[in-house]
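Read-outs throughout are calculated quantities, based only on the coordinates presented, and are distinct from any laboratory measurement. Owing to the predicted nature of the structure, the values given are computational and were not obtained by experimental measurement. Please note: Cβ atoms are built from the backbone with ideal geometry, for glycine as well, and neighbour counts cover all protein chains shown.
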Amino acid sequence: MSFLRDAKNKIYSGDNIVSLSDIRYLPRWVILIIDLVIVFFAAVFSNLITKRIGHQTVFYDNFLVFTLILSVSLFFMFVFKTYSGIIRHSTFIDLFKLIISTFCSVIALGVFQGIFYSILDVEIIFTPFAFLSIYGALAIIFLFLFRLTVKEFFYFAREFRRSGLKKRVLVLGIGEQSIAIARAIIDNPAMPYSVEGFITQRKDYNRAKILGRKIYFKKNIEKKSKENLGVEGVIIIKETVSRDEMIHWVNLFLEKGIQVFKAPSVQKLRDHEVANSIRNLQIEDLLNRKPIIINNTEVSKTHFNKNILVTGGAGSIGSEIVRQVAKFKPALIVVLDQAETPLHDIERELKSTLPHVRMRFVLADITNAKRMESLFKKMHFSMVYHAAAYKHVPTVEDNPHEGVFVNVCGTKNLATLASRYKVDRFVMISTDKAVNPSNVMGASKRVAELFVQALQKEEGNHTKFITTRFGNVLGSNGSVIPYFKKQIDGGGPVTITHPEIVRYFMIIPEACELVLEAGTMGKGGEIYVFDMGEPVKIIDLAKRMIRLSGFEPEVDIKIVYTGLRPGEKLYEELLSDNSKTVPTHNDKILISRDQAMEYKKIKRYVDFLTRAVLEEECNEVVKILKMIVPEYKSRNSSFEMLDREID
C-alpha cells in the first residue's frame, strides 16, 4: 500500500516521523475485506450467543453457512457501496447504507433458509429468528464501531498534532455567550486556539466542568503564574463585561504576561468568520466609554433631504461625519478635500458601502475663495461641517504661514460664504489645543473660533455658527496610537516625548456623534466642549499597548524619550482660565462661555494675517496671532523670543 511504502521510504531515508497528513486513503478493496472480516466475527459471536441461549447446535454445516453469510453480505455491500466512503469522513449516510445492507442480508439469509428447508427439507440454521436477529444487530454495531473508532482516532490524532501549534487559552465567563464562543473554537479545527478552560468570579463551581474543560476561579488566576496556569492567552467577549470589569481583568492578565484577545458576541458571529473574528484586544477597547445616546429625531430632521457639505471629508473625522450623516437620508453629501489619494480612497469605500446615498466628491482647496463660492452658489447647502484643517503641531510650527492660511483664511472663506448664501448651520471642528495655545496650530484654531463667533452677530447673518471643541481622537491619521502600533509591529523602540505627558482621548465615532448632536442643538455662536473623560498618561498608554501585543515593555520593546517637540505641552486643556461652562440636555456636551471679539476687529486682524501669510513673513504671522490671542505663549519653539519682545 502506498502509505506503507511512503512510511518505509521516510524511515530508511533517515526521517522517522510519519505525519497523519502523509497517510493516504486506503484502497476500497481493503475496506471491503475488513468489512467482511467484521461480518465473519459477527456471525461467529452470534452463533456462540445463540447456542448459549438455545443449548443446541445452530448450524447444520458451519462452512456452508459462513460461506453463505459472507457471500450474501458481499453482494449487498456491492449493491449499496458501503465500502466507497472515506472512513475518517464518515457521515450518517454511510451509517444508513450499512444498516440497509445488513438488513437486506438478514432478509436474504432468511429466504435462503426457507428455500433449503422447502427443497431439501434441511434446516441449515436451527434457530433462524434468534440467530439472524442477533447477527444483524452485531454486524451493524461492529461495522459502525469500526468506522467510529477510525474517525475518532484521526480526529484526536489531528487535534493532538495541532495542539502544539495552537495558543492555549481560557475564556472569561461561564455564561451562554462564553460557552458558545468556546464551542465555536473547539468545533473549528482551523482555529489557532485551544480552549483549556473558563474563568469565573463565582464560587459554586468547585468540581463542575464545561465542555469537558476546567473552571478557574479568580483566586486561581491571581495566585498562579502564567507557566503554572499553562495558558498563553485569555479570550474576552466585550459585551459580557462592563468597562470597569474589563479593565480590572485586563490589568490582571497583563501583569502575568498573559495575552488578551477579544471575541464578538454570538449575535455578530458567523461560522465562516470565526477564525478572523478573534483578535488582539486593542487599546481603544479599554479607553472606550459608555455608549453615547444622541437625539436621533432632531438630528434626522436637520439632515433629512438636505444638501450637506463636509470639508476635510477624506480625513478621519470628516469621513466618519459623512458615514453618520448618510444614515439620515440627505438629498446630497458633498465630500470636499484637497488630498487627491485619500479622496479617491474614500470615494471608492463610500460608493461601495453606501451606494444608495447620493454623493459628490470634490477635489478643492478651501483657501481658493472663487472655487468655494462656485460650489456654494450651485449646491445650495443647508449644512456645512468644516473639518478641513492642518492639525500636526510640529509641522505647522515649522510652516506657520501655511497652517494659518488653511486654518484661518480657509475658515474665513467658508464661514463668509455660508453667511452670504444663507446656509442654515455651519459647524466648525476645533481642538483643545485652541485653549491657552502654546503652538501656532492651536492659536490658528482659536482665531478661527473667534472669527465664526463674531460673524454670528454680524447684521444680516442668518446662519447658525457652531463650534465643537474636543481632544485627541483614537486612530485618527497621524495620531499617537497608530504611530505606536507601527513602532511595536516593527520591533520598537516606542518613542515618547516626555514621561509625564498626558492627553485626553475619544474614539472617532463617539466624537462625530457629539458633533452631529451639538450641530443640531446649537442656536448660533456657541462653543461646545465635549466630556473627554479622564486624561491618559502617554507612558501608561504605550506600556499597555506593548503588553496587549504580547510583549514586555523594556524587555521585548524598548521605550525611548525624545523630548518635547516644538509647541508641545505636557497637559492639554478643554477650557480657558476665564471661561465658564453651561450644561446642556446631553451630559457629554457643555457650552463654553469664552470671551468673544467684535466682527470688525477680528476681520481686520485676519486681513493683516492674510497679507503676512501671502508674503511668507513667518515671524509677522506669529506676532499677529499673539496679538489676537494674548494667552498664546510659545513653548519649546523658536517663537518664544516673540513673547519676550511683546512683554
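Summary table
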quantity: Two-site label geometry, Lys166 and Ser225: point separation in nm, points 7 Å out along Cα→Cβ; calculated: 2.6
quantity: Efficiency of FRET between Val37 and Ile93 - r from beta-carbon atoms, R0 22 angstrom, step 0.05; calculated: 0.40
quantity: Computed E for Lys218/Glu255 - FRET, C-beta separation, R0 22 angstrom, nearest 0.05; calculated: 0.95
quantity: Sorted peptide list for 188-195, 406-413, criterion being average Cβ within 10 angstrom, highest first; calculated: 406-413, 188-195
quantity: Whole-number D in µm²/s for segment 318-368 (Stokes-Einstein; Kirkwood sum over Cα pairs; 37 °C, 0.692 mPa s); calculated: 292
quantity: Highest-first arrangement of 136-142, 619-625, 209-215, 515-521, where packing means the average Cβ count within 10 Å; calculated: 515-521, 619-625, 136-142, 209-215
quantity: Segment 541-611: proportion of alpha-carbon pairs further apart than 18 angstrom, %; calculated: 71
quantity: Three semi-axes of the equivalent ellipsoid, segment 434-543, Cα gyration tensor, whole Å, largest first; calculated: 34, 15, 11
quantity: Alpha-carbon radius of gyration plus Dmax, which is the widest Cα pair, for segment 354-441 in Å; calculated: 14.6, 45
quantity: Volume per residue that the Cα convex hull of segment 468-521 spans, once the total is divided by residue count, Å³; calculated: 81
quantity: Rg/Rh ratio calculated on Cα atoms of segment 514-647 (Kirkwood radius); calculated: 1.07
